[in-house]
Structures are given as C-alpha cells and as structure tokens.
Amino acid sequence: FPSHDNSKLPPFLNPGDTIGIAATARYLTSEQWKFAQQQIESWGLKILLAENVFENHAQLAGDEALRAQSFFSLWNNPEVKAIIIARGGYGTVHTIDAILPELDHRKWVCGYSGVTVLLNAITNKGGASIHSTMPISFENATHEALATLRHALFGELKNIYWETKNANEGMHIVTGKQIGRAHV
C-alpha cells in the first residue's frame, strides 16, 4: 500500500461488490478457473471476467491490443471495485505502455510474478496494488495466502507475520525496501 496519503487508497470492498478478473498475460482454462471462482464467490463478491480470460493465443490471452483493451474494460467499469490478474507471465510487460498512460483513477489491482511491472506502475502513479496470489494459483495456495488477499481487499488486514526456516547454519540477513503500508 502507498505510504503517502492514505486518502488516495481505493475503497475497500464490501460483500456484494464486483471484482474483475483480467488476463494481461497468459490465459486460463475453464477448469483452472473453477476453484478460484468458488473461492471469490465464497467471499460474497460478484465476478466479471474480461472477455479474453479464456482466449488462447499461443500461451497468451490474446494479442497485446486485446489484453490491454480487456484490462481497460474492467478498469473503466464503475461497478468493478478491484481487479485480480488471472495469471502471470511475460505478456504483461508487453501491454504496460498501452496501460500506463490510462491509469488515472483508483482501483485495487492484485497479482504477482510478471504482473509486478503493472503493480509497480500503479504504485509509481500514486495508486495502490496488492502483491498477491492469482486465480491460477488459488487451488494450490495456502489458506493463509487466500485469507490475506481477502482481508487486504476488505480492509481487514492489520499485520502480516511469517515464520522463516533456515536449513543452513548461521544467520542470514535479508534486506529490502518497503514501498508503503496503509494503516487499515
């Protein structure tokens, strides 16, 4: 979450809200989608799929223009309160030049892997994004990963804790840069 002005955060979701599923990179099969659909509906959310989610263009969900246009059909839809990218892959980076100039209002966007380029672009423009599991991974995700995404979207996430296990002797230090955190 951005660490600057929290008033610029998108609204958190409520039961009955609509969440969009976009495919800026690779496509899903209907079989891969089933578990994620059930999970999202169990959160009390409605779902709107971008037109290209099941489009098979080699391994991508359509050509670059279709992937960008399908993302914007959700981004510009006032009923869609958040967007989860269906799955990662290198395709998102090919659509970023078309998507970036149009990111002018606030909406949650969620994903990871190749989608990180989009999440960073949103954050750099003052928006907010959630680095999270995606529908392709829902079935194999831990309960905690799915619960964290749900809690983040609904504004219920207070703190994140995790355990580390070190297979090697000695201490390992990991450093990183926190882009931001919203106080929810």
Among the residues of the stretch 81-109, how many are open to solvent by 20 Å² or more (accessible area, probe 1.4 Å), modelled with pLDDT under 90 and of a type in the set (Lys, Arg)?
1
Might you let me know whether the stretch 16-31 holds any residue that is more than 16 Å from the chain's Cα centre (by Cα) and free of Cβ contacts under 8 Å to residues at least 24 places away in the same chain?
yes
Find the strands (runs of 3 or more DSSP E) located wholly in the stretch 63-154 whose residues include 1 or more that are small (Gly, Ala, Ser) and within 18 Å of Gln37 (Cβ to Cβ), and list them.
80-85, 108-111
Scanning the stretch 127-148 for residues that are of a type outside the set (S, T, N, Q), surrounded by 16 or more Cβ atoms within 10 Å (Cβ to Cβ) and at pLDDT 95 or above gives Met134, Pro135, Ile136, Phe138, Ala141, Leu146
Give me a count of the residues in the stretch 43-79 that are within 18 Å of the chain's Cα centre (by Cα) and open to solvent by 80 Å² or more (accessible area, probe 1.4 Å).
7
Tell me yes or no: at least one residue of the stretch 21-40 is part of a strand (DSSP E or B), open to solvent by less than 30 Å² (accessible area, probe 1.4 Å) and at pLDDT 95 or above.
yes
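Please verify whether Leu9 is within 16 Å of the chain's Cα centre (by Cα), open to solvent by 10 Å² or more (accessible area, probe 1.4 Å) and aliphatic (A, V, I, L, M), treating the condition exactly as stated.
yes
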How many residues does the stretch 110-126 contain that are open to solvent by 40 Å² or more (accessible area, probe 1.4 Å) and more than 15 Å from the chain's Cα centre (by Cα)?
2
Using the structure shown, decide if Arg87 is in contact (Cβ under 8 Å) with a residue 60 or more places away in the chain and of a type in the set (D, E, K, R).
yes
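The values are calculated or read from the model by the stated rules, or taken from the named source; none is laboratory data. Just so we're clear, the structure is a prediction, and the values are computed from it rather than from any experiment. Every residue, glycine among them, receives a Cβ derived from its backbone with ideal geometry; neighbour counts consider all protein chains shown. Side chains are part of the model used for accessible areas, which takes the heavy atoms of the whole protein and leaves out ligands, DNA and RNA. Shrake-Rupley method; radii C 1.70, N 1.55, O 1.52, S 1.80 Å.
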